[in-house]
Amino acid sequence: MGCLNSAADDFDPHDLAEVPPVGESLNLYFAHPEWNLPDGRFTSDFRTIQEKGHIWEFCVQAPRNVQNFQIKLEKVINLPDNWKIILTNKQQSGLNDLLNQKPIEYRTDLQHSSLQFQLYIGPAVHLENEVDKMTKVPEKFNLAQNFPNPLNAMTIIEFDLPEAALVDVTIYNALGEPVRKLFRQTSFMAGHFKISWNDTDDIGETLPSGIYFYALKANQDFEMRKMIFLR
């Protein structure tokens, strides 16, 4: 990931599709269903060069047998003077400066789901404004319509939490049966979240085309929406 003169902010040849995971493996990917390409997951995401830098969003998908993992910056090339690289994860508090070269450990109780991260790379003078964008607290509880919808291989589900909560996110089939528990009593901080679902059930099998519902429960708040899966 990074910035190049030859890159674009949408899809370009520098953005490489993710290789499908094999078995119980830990995967890091950039989710871009808006690019309307197969699967919508990418192992690289290069952008145009901008004076204020960029905020990247990426996901780490953790299988059931992984309870913690580390993120460490291995290599930096041509980073301008006075630029920062700041990582945040909204499920776990704190901003982390990746330039200090120390690995950052995260703990997960997710079941075949994704932990969302945001990464700011840009000048220190803009850091405060950009961090405010990354950590802004919503005014009310909200579950947005998934995108894309209809979905083919992957979709993004966004929601807002005005306060910290224990969160359940569940996918149901048209009969009202739960087919995928993305989060189960998982602790979230207040904030805006994007999570992905890749059309599989709790055992990793691809579900058939049809109408599905996704529900968000956070403390005493609950909301459900409909989505369509077309293969």
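The values are calculated or read from the model by the stated rules, or taken from the named source; none is laboratory data. Here the structure is a predicted model, which means the values were calculated and not measured. Cβ coordinates were reconstructed from backbone atoms using ideal geometry, including for glycine residues, and neighbour counts include every protein chain displayed.
Scan Leu207, Leu182 and give me the residue that is closer than 24 Å to Asn36 by Cα, of a type in the set (A, V, I, L, M, F, W, C) and without any contact (Cβ under 8 Å) to a residue 40 or more places away in the chain.
Leu207 is the lone residue from the list that is closer than 24 Å to Asn36 by Cα, of a type in the set (A, V, I, L, M, F, W, C) and without any contact (Cβ under 8 Å) to a residue 40 or more places away in the chain.
Would you check which residues across region 181-219 are touching a Phe, Trp or Tyr at 6+ places or on another chain (Cβ under 7 Å), part of a strand (DSSP E or B) and buried (at least 17 other Cβ atoms within 10 Å of the Cβ) and list them?
Leu182, Phe193, Tyr212, Leu216, Ala218
May I ask you to say which residue of Asp132, Asp160, Asp168, Asp97 is surrounded by 15 or more Cβ atoms within 10 Å (Cβ to Cβ), under 27 Å from His54 (Cα atoms) and of a type in the set (D, E, K, R)?
One residue alone meets the criteria, Asp160.
Within region 121-138, identify whether any single residue is touching a Gly at 6+ places or on another chain (Cβ under 8 Å) and among the charged types (D, E, K, R), and answer yes or no.
Yes, region 121-138 contains a residue that is touching a Gly at 6+ places or on another chain (Cβ under 8 Å) and among the charged types (D, E, K, R).
When you scan region 58-174 for strands (runs of 3 or more DSSP E) that lie fully inside it, which ones turn up with 3 or more residues that are modelled with pLDDT of 90 or more and assigned by TED's automatic domain parsing to the domain that holds Phe46?
83-89, 113-123
Between a first residue in region 43-65 that is within 19 Å of Gln116 (Cα to Cα) and a second residue that is of a type in the set (Val, Ile, Thr) and outside any loop (DSSP other than H, G, I, E, B), which pairs have beta carbons less than 9 Å apart while being 6 or more apart in sequence or on different chains?
Between residues of region 43-65 that are within 19 Å of Gln116 (Cα to Cα) and residues that are of a type in the set (Val, Ile, Thr) and outside any loop (DSSP other than H, G, I, E, B), the close pairs are His54/Ile121; Ile55/Ile121; Trp56/Ile121; Cys59/Ile195; Val60/Ile71.
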